[in-house]
1. If a residue must be polar (S, T, N, Q) and touching a helix residue (DSSP H, G or I) at 6+ places or on another chain (Cβ under 8 Å), how many such residues does the range A:403-420 contain?
2. Would you please name the residue that is surrounded by the most Cβ atoms within 10 Å (Cβ to Cβ), looking only at residues in the range A:158-174 that are out of contact with any Leu (no Cβ under 8 Å at 6 or more places or on another chain) and either under 15 Å from residue A:284 (Cα atoms) or among the small types (Gly, Ala, Ser) (or both)?
3. Give the residues of the range A:384-396 that are touching a residue at least 60 places away in the same chain (Cβ under 8 Å) and either in contact with a Ser or Thr (Cβ under 9 Å, 6 or more places away or on another chain) or crowded, with 20+ Cβ neighbours inside 10 Å (or both), sorted by residue number.
4. Is at least one residue of the range B:121-133 under 28 Å from residue B:221 (Cβ atoms), more than 14 Å from chain A (Cβ to nearest Cβ) and under 25 Å from the mean Cα position of the chain (by Cα)?
5. For residue B:285, indicate whether it is within 14 Å of chain A (Cβ to nearest Cβ), surrounded by 13 or more Cβ atoms within 10 Å (Cβ to Cβ) and of a type outside the set (A, V, I, L, M).
6. Go through A:25, A:91, A:69 for me and flag whichever is without any contact (Cβ under 8 Å) to a residue 24 or more places away in the chain and at negative phi.
7. Restricting the range A:68-78 to residues that are within 19 Å of residue A:151 (Cα to Cα) and surrounded by 21 or more Cβ atoms within 10 Å (Cβ to Cβ), which is nearest to the other protein chains (Cβ to nearest Cβ)?
Amino acid sequence: MPKPDIQAGRLTDAQYADNFGDAHPPLTRAQALIEAERCYYCHDAPCIQACPTGIDIPSFIRRIGEDNPRGAARAILEANVFGGMCARVCPTEVLCEQACVRNTHEDKPVEIGLLQRHATDHYFSKPGAPMFQRAASTGRRIAVVGAGPAGLSCAHRAALLGHDVTVFDARPKPGGLNEYGLATYKTVDGFAQKEIDWLLSIGGIELQCGQALGEQLLLDDLTQRFNAVFIGVGLAGVNALGLADESANGVQNAVDFIAALRQVADYSALPVGRRVVVLGGGMTAVDAAVQSRKLGADVVTIVYRRDQAQMPASTYEREWAQLNGVTIRTWSVLKSLEVADSAVVGATFATVRETDGRLLETGETSTTSVDTVFKAIGQTLVLADPTLATLRLRAGRIEVDAEGRTSLPGVWAGGDCTFGGQDLTVEAVEHGKIAAHSIDRALATSPRAASFNRVRRTAA
Amino acid sequence: MADLRSTFAGIESPNPFWLASAPPTDKEYNVVRAFEAGWGGVVWKTLGEAGPPIVNVNGPRYAALYSQDRRLIGFNNIELITDRPLEVNLEEIRRVKRDWPDRALVVSIMVPCQEEAWKAILPMVEDTGCDGVELNFGCPHGMSERGMGSAVGQVPEYIEMVTRWCKHYTRLPVIVKLTPNVADIKPPALAAHRGGADAVSLINTINSVMGVDLDSLLIVPSTGGQGSHGGYCGPAVKPIAQNMVAEIARAPSMAGLPISGIGGITTWKDAAEFIALGCGNVQICTAAMTYGFKIAQDLCDGLSEYLDAKGMANIDALRGRAVPSIVDWNQLNLNHVEKARIEQSLCIQCGRCHIVCEDTSHQAISATLNGKRHFEVMDDECVGCNLCVSVCPVPDCITMHALPAGAVDPRTGQVVSGEYANWTTHPNNPARV
């Protein structure tokens, strides 16, 4: 096996700038107007039904076409306070754009995601007067644990409804996966923090970072200090391979690599291997694989145990990986790692096939030289907090009802840490929103308007 | 290929597509380019009296109405008649006609409503060798304030008088160009006919204000902060022009009066419609000002293909064919019943037919079937209004179907009689015959 070759500075400054710039540039105004014209303004539009947050898509597109971009942004942000980030990261091809009636005869939906980005970019470039006004103070206090999309969505909606919110997060910065978990080229120029700064500007939300549940914070304590608690802690644990050599140099969590890329100021300072293997089939695997290529890795292979159609990553994401020179190897599982001088130098894969729903090794194996192995085979809910561990769980995650209530009275939850859904940012936003209204009803000192009747979709 | 040759008011041209009197025909350079591109004829931009030429504004002269995808669908101008010296125009007309003898070259004229003025200019125009004159009684802006253009065209007595002068002072065919800025197009057309006009051409432009700039709150277009109404043309005016053409074409009092159709003609289809409504030829301006002269080839090709497909040997075989279908409302068959039908295999489920019928019409289209999104016409509510057809984005997805004689209309419960019966004999008509 060749020696590991992990080093920084493989590329020129211009290459780094190009590789980590905006992967999918925004529409120009002319492009947006032309694309907006394609929307049929459907009655009871299927795209609205397909959007987990129920954005009134025909309205926001019509407003773009009518030269009312701020109104377009309002239509988006009223339903989804993370409409800017969702415009960048939503798998629109399986959500709103899949439902677009234009598909029937043209196989080419309205570019809803790009139009949403156009509207929100325009707004965030110059927000102007506040878009949202808080209701009169209720005097009720809500604790939100986790400043990711679910937690901040809940916090924003609760603040809007007049409650005082304190948001806690384990990391130094708020944002959760928006800040630490997305490929850099999806959200450039510090957009994640800019969006959160705007979100917090509604007022009534206090942010406390460096506060991890089960460490600095205890759920028991929160339930006593606050009128309600929302848990949106995501999945902070990473599944292990279960192999003896898992601690060898060169073997690391894909999520840590992705987080490091988002926080680094100078890409040339980040080392990357020459021969990279990514284990897993989801978005995390794609983000780690593509960014390895973009840092200058020679050979990057995603290894997945079934066929491509079964990968959690969307068709669009798989094609994006392949466009960036990533090889996708299917029907393969890692058998063993070869380690020399404490560093991984090789990996042996077994070919598998599916028999009666079970994966069985065929007996065929192959060994390849590697210097980096990224683990992206799933994340887990961390149950460090003793009370959290007593909540009713389902498949390792918190079980909630249609309003986001956990089995513990006074405690709501949403986002990836809860059971049900596809672990999408846009779902987490919806979970937070629904929970905020549920909390609001539970804490109501006065009758609440019945206009909000959205509930969590049943588990897929 | 069908024969596209045209003889209009005695003027021959290799095809029926003439450029209307307007900026594209203001000078030799443009007209030669038009002829090179294949246009059958031109009406030279309107000449005025000898003497100091008229003066145009030097700010915006045009403005457009756009569809959402920025296709120009309406157009407005405040340009006046030619601002070049009369003698220069006459010299160029003479030269162009000499160099292009097979093309129609008609000269548009607008001079004051005095016999001497027409007596003076007509011999000079005739001396160029041009094929005819067109009297500009149509322009609604600028010149009308000076008692010319539409100021004449709105008074049938003036039209008749000036037409008579022109027939007296020139041997050339006289085409009278009519303004649409009147309540009824028939009296001015009839006046031209009585005055001896060889043909009428219509429509000229319609009074228009294109818009307001919402930042400056000034009229659009403005000349340094002020604007004036202009003349409106382009695809959006075609239905107005076609109504006026049809009114003349079906008037027994004007039977046989040649009509040159003008107004929003952009494609061969538009031209064919005007011809079917009785026009002997057509004139085009906005389409050329939008796309350039090359469209002449597409117009000729399309019309020729159409005539071939319909087994029509020439333009005359098409001319006036749609006129008998146009009648007064009181002649419409009130026993005829149609229902809309949605072809489910073409339906894209946008639901627009449902919402417009539900909100604004007859609540005749359902939105669900067994709890699923599905749009279907309810014949017991459908009055056959055609709104759903009009808003459906998919061609031929919603179509109208007549109930056959003997069928029961589920809306009224009445049997379709199959008998023709109109309002004039309807029992609800207090003045029925």
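The values are calculated or read from the model by the stated rules, or taken from the named source; none is laboratory data. Not measured: the values here are computed from a predicted model. Every residue, glycine among them, receives a Cβ derived from its backbone with ideal geometry; neighbour counts consider all protein chains shown.
1. Step one: list which residues in the range A:403-420 are polar (S, T, N, Q), which gives A:406-407, A:418.
Still in the running and touching a helix residue (DSSP H, G or I) at 6+ places or on another chain (Cβ under 8 Å): A:418.
Total satisfying the criteria: 1.
2. A:158
3. We begin by selecting, within the range A:384-396, every residue touching a residue at least 60 places away in the same chain (Cβ under 8 Å); these are A:384-388.
A:385, A:387, A:388, listed by residue number.
4. Within the range B:121-133, the first condition is being under 28 Å from residue B:221 (Cβ atoms), and the residues that meet it are none.
Scanning the range B:121-133, I find no residue that is under 28 Å from residue B:221 (Cβ atoms), more than 14 Å from chain A (Cβ to nearest Cβ) and under 25 Å from the mean Cα position of the chain (by Cα), so the answer is no.
5. When the stated conditions are applied, residue B:285 does not pass them.
6. On the way: A:91 fails: without any contact (Cβ under 8 Å) to a residue 24 or more places away in the chain; A:69 fails: without any contact (Cβ under 8 Å) to a residue 24 or more places away in the chain.
Every option except A:25 fails the conditions.
7. Within the range A:68-78, the subset within 19 Å of residue A:151 (Cα to Cα) is A:76-78.
From what's left, surrounded by 21 or more Cβ atoms within 10 Å (Cβ to Cβ): A:76-77.
On the way: A:76: 20, A:77: 24 Å.
Among those residues, the one meeting the criterion is A:76.
This table checks each residue for (1) within 10 Å of the chain's Cα centre (by Cα); (2) surrounded by fewer than 22 Cβ atoms within 10 Å (Cβ to Cβ).
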residue	(1), (2)
B:211	no, yes
B:218	no, yes
B:222	no, yes
B:232	no, no
B:240	yes, yes
B:252	no, yes
